[in-house]
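Input: a single structure, listed below in C-alpha cells.
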C-alpha cells in the first residue's frame with residue numbers, strides 16, 4: 001500500500017493495557033445495534049427486545065441527538081461503568097458528513113500535545129462536536145466526571161470515528177476513558193494524529209475491529225494523507241474467530257491487504273460483525289448471512 005513504512009513507524013504506540021476481549025466485543029456490537037433504534041423510548045427504558053436482552057442491562061439512559069447534523073448516540077450506566085455509543089451513518093446528512101473529507105487542524109487543549117500538526121477529517125470532527133456538549137453533560141449527570149469512574153466508548157462506522165474523537169477530548173477534560181472499541185471505522189486523520197492518539201491510548205484499551213473486506217475502513221484513501229490508528233483486530237470470516245491483532249494501523253496482515261477495488265463490492269460486510277448486524281437492531285443475523293469463503297463476488301447489498 002501507499003504507506004509501506006507505517007508498520008515500523010506506528011508499532012511503538014499500539015500497546016493496550018488489556019488484551020482484546022471477544023466477549024466484550026460482542027457486547028459492544030449489541031450496544032451499537034441498540035444505537036440504531038428509532039424508538040427512543042425503548043432505548044431509554046432498555047426494552048428493545050432481543051438486542052437489549054443480549055447486551056445486558058443499561059440503566060439511566062441519556063439520549064444524545066443533534067437534529068442539524070442528524071447525529072445520534074446514547075449514554076448510560078453499564079456493568080458498573082459509564083458507556084457511550086455513537087450511531088453510524090443512517091441518513092443523507094450523515095453521508096454529507098462522510099463526504100466532507102478535507103482535513104482540518106485539530107484544536108488542542110492546554111494539556112494536549114501533537115508533534116507535527118494533527119489534522120482530522122472535517123466531517124467527522126463536526127459530527128463529534130455536534131454531540132460533545134450533550135455527551136459531557138450526560139456523563140456528569142451519570143456521575144462519571146473525573147478520574148474515579150471509568151468511561152467506555154464505542155461506535156460503528158461514522159460512530160467509530162466519533163468515539164475516537166470523543167476519547168481524545170474527554171480524556172483532556174479529565175474523564176477516565178478506559179475502553180474504546182470501534183467497528184468498521186473509516187480513516188480519521190493524518191499520521192501526526194495517529195501517533196498522538198496512540199500515545200493517549202497506550203495505557204487504555206483501544207481496539208479498531210475490521211471485518212474482512214468491509215470497504216468503509218478503506219475510506220478516505222491513504223492518497224489523501226489519511227492513516228489508521230492501531231491496534232486493529234481483523235476478522236477473516238463472518239462469524240467470530242479467527243482474528244488477527246495487528247500492531248500498526250496499515251498492516252498487510254490485516255485489512256490493508258485489500259485495496260479499495262477489492263472491497264468495494266462487499267458493502268454488506270460493513271453490517272456483519274462477530275456474527276451480528278450492528279446496523280439494524282431488529283436483525284438477528286449479519287447482513288452477509290452465510291459464512292465467508294475466499295470469493296465474495298456474489299454478495300451485494
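Please treat every number below as a calculation from the coordinates, not as lab data. These numbers were taken from a predicted model, which means no experiment stands behind them. Counting neighbours? That spans all protein chains shown, and the Cβs are built from the backbone with ideal geometry, glycine included.
Over the stretch 19-271, what is the mean sequence separation of C-alpha contacts under 8 Å (at least six apart), divided by residue count, expressed as relative contact order in percent?
It comes to 14 percent, rounded to a whole number.
If packing is taken as the average number of other Cβ atoms within 10 Å across a peptide's residues, how do 164-173, 103-112 rank, most packed first? Display every interim value, and only then the final one.
Details: 164-173: 21.7, 103-112: 13.3.
Descending mean neighbour count gives 164-173, 103-112.
What area, in nm² and to one decimal, does the C-alpha convex hull of the stretch 19-271 cast on average over all directions?
Numbers: hull surface 49.8 nm².
The directionally averaged projection comes out at 12.5 nm².
Each label point is 7 Å from the Cα along the Cα-to-Cβ direction; what then is the distance between the points at residue 133 and residue 23, in nm?
Roughly 4.1 nm, to one decimal.
Summing -39500 (n - 2.57) over the DSSP H runs of n ≥ 4 in the chain and dividing by its residue number, what mean residue ellipticity at 222 nm do you reach, to the nearest 500 deg cm²/dmol?
Details: 9 runs with 87 residues, N = 301.
Rounded to the nearest 500, it is -8500 deg cm²/dmol.
Which translational diffusion coefficient, to the nearest whole µm²/s, is obtained for the stretch 109-168 from the Stokes-Einstein equation, given a Kirkwood hydrodynamic radius over C-alpha pairs, 4 °C and 1.567 mPa s? Each step should come with its number before you reach the end.
Details: Rh = 12.9 Å.
Answer from the Stokes-Einstein relation: 101 µm²/s.
Under the 0.36 nm per residue contour assumption, what length would be gained going from the current alpha-carbon distance of residue 257 and residue 99 to full extension? It would help to have the intermediate numbers written out before the result.
Values: separation 158, 0.36 × 158 = 56.88 nm, distance 2.41 nm.
Going from the current span to full extension adds 54.5 nm.
Mind grabbing the base-10 log of I(q)/I(0) for the stretch 228-271 at q = 0.15, 0.27 Å⁻¹? Debye formula, identical points on the C-alpha positions, no solvent, two decimal places.
Normalising to I(0) and taking log10 leaves -0.39, -1.09.
Rank the residues 39, 81 as a footprinting-exposure proxy: fewest other Cβ atoms within 10 Å of their Cβ go first.
Details: 39 12, 81 16.
Going from sparsest to densest Cβ surroundings: 39, 81.
Among DSSP beta bridges whose residues both lie in the chain, state the antiparallel percentage, nearest 5. Intermediate values should be presented prior to the final figure.
Working: 23 of 44 bridges.
DSSP beta bridges in the chain are roughly 50 percent antiparallel.
Relative to the present Cα-Cα distance, how much length would full extension add between residue 39 and residue 115 at 0.36 nm per residue of separation? Display every interim value, and only then the final one.
On the way: separation 76, 0.36 × 76 = 27.36 nm, distance 4.38 nm.
My answer for the length gained is 23.0 nm.
The stretch 89-109 to the stretch 218-283: how many Å between their Cα centroids?
20
What is the extension gain from residue 203 to residue 63, computed as 0.36 nm multiplied by their sequence separation minus the C-alpha to C-alpha distance, in nm to one decimal? Present the calculation step by step, with values, prior to reporting the outcome.
Details: separation 140, 0.36 × 140 = 50.40 nm, distance 2.92 nm.
Extra length from residue 203 to residue 63 when fully extended: 47.5 nm.
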